[in-house]
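Just below is one structure, and these are the notes that go with it.
The values are calculated or read from the model by the stated rules, or taken from the named source; none is laboratory data. In this text the structure is predicted, and so the values were computed from the model without any measurement. Neighbour counts run over all protein chains shown; Cβ positions are idealised from the backbone, glycine included.
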Amino acid sequence: MVATAESCTGGMVAAALTDISGSSAVVDRGFVTYTNESKNEMLGVRMSLIEKHGAVSREVAGAMACGAINSSNASFAVSITGIAGPSGGSKDKPVGLVWFGLADKNRLLRTECRLFAQCSRVVVRAKATQTALSLLENAIRS
């Protein structure tokens, strides 16, 4: 079973998984946590962590994945937090920056960052979705 915790993709990973017939056998649930408050309330991400590192960070992506696994019956959880644009970026965190987290029931397995530079919002979200699906696939296969 898998769970998703999505911010900038707004449920696109869960939608891609549930587009497949029979997905109810492997998809437990999805969390769309677009605001900092929802990350805290639904996934247990500490507000102090968000304040210290920002919502788009390795630390928050990891906490989102762990929160999703702890709040579900899933064996694996993937998280996504990023800046899809076209606004909202900064020098340190440009538009197209996306952090991913992957957890299993035992621990946070990994965090990973991608920069989908000079891409439209639609493309950033699509590439983030594809990356999250690949992370899940690789975890399940290993």
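Do we have Gly101 as modelled with pLDDT of 95 or more and farther than 21 Å from Leu17 by Cα here? Walk me through it before giving the result.
On the way: modelled with pLDDT of 95 or more: yes; farther than 21 Å from Leu17 by Cα: no.
Against the criterion (modelled with pLDDT of 95 or more and farther than 21 Å from Leu17 by Cα), Gly101 does not qualify.
Being within 18 Å of Leu135 (Cβ to Cβ), without any contact (Cβ under 8 Å) to a residue 40 or more places away in the chain and among the small types (Gly, Ala, Ser) is the filter here, so list the residues in the stretch 51-72 that pass it.
Ala63
Of the residues Glu137, Glu112, only one is acidic (Asp, Glu) and either outside any helix (DSSP H, G or I) or closer than 15 Å to Ser57 by Cα (or both); which? Let's see the steps before the verdict.
On the way: Glu137 fails: either outside any helix (DSSP H, G or I) or closer than 15 Å to Ser57 by Cα (or both).
Within the list Glu137, Glu112, the selection yields Glu112.
I'm checking my understanding of the structure. Among residues of the stretch 45-80 that are among the polar types (S, T, N, Q) and touching an Asp or Glu at 6+ places or on another chain (Cβ under 8 Å), which one is surrounded by the most Cβ atoms within 10 Å (Cβ to Cβ)?
My answer is Ser79.
Among the residues of the stretch 80-106, how many are on the phi > 0 side of the Ramachandran plot and either free of Cβ contacts under 8 Å to residues at least 12 places away in the same chain or among the hydrophobic types (A, V, I, L, M, F, W, C) (or both)?
So the answer is 1.
Take the residues of the stretch 71-107 that are among the basic types (Lys, Arg) and within 23 Å of Val123 (Cα to Cα): which is nearest to the chain's Cα centre (by Cα)? Give the derivation first.
Kept after step one, since they are among the basic types (Lys, Arg), are these residues of the stretch 71-107: 91, 93, 105, 107.
Those left that are additionally within 23 Å of Val123 (Cα to Cα): 91, 93.
On the way: Lys91: 22, Lys93: 17 Å.
Looking at residues that are among the basic types (Lys, Arg) and within 23 Å of Val123 (Cα to Cα), I get Lys93.
Specify the residue that is nearest to Ser134 (Cα to Cα); the eligible residues are those in the stretch 1-50 that are among the basic types (Lys, Arg) and not in a helix (DSSP H, G or I).
At the first step, the residues of the stretch 1-50 found to be among the basic types (Lys, Arg) are 29, 39, 46.
Checking the rest, the ones that are also not in a helix (DSSP H, G or I) come to 29, 46.
Values: Arg29: 18, Arg46: 27 Å.
Restricting to residues being among the basic types (Lys, Arg) and not in a helix (DSSP H, G or I), the top hit is Arg29.
For the subset of the stretch 106-142 comprising residues that are surrounded by fewer than 16 Cβ atoms within 10 Å (Cβ to Cβ) and of a type in the set (Gly, Ala, Ser), which member is modelled with the lowest pLDDT?
Across the stretch 106-142, the extreme among qualifying residues is Ser142.
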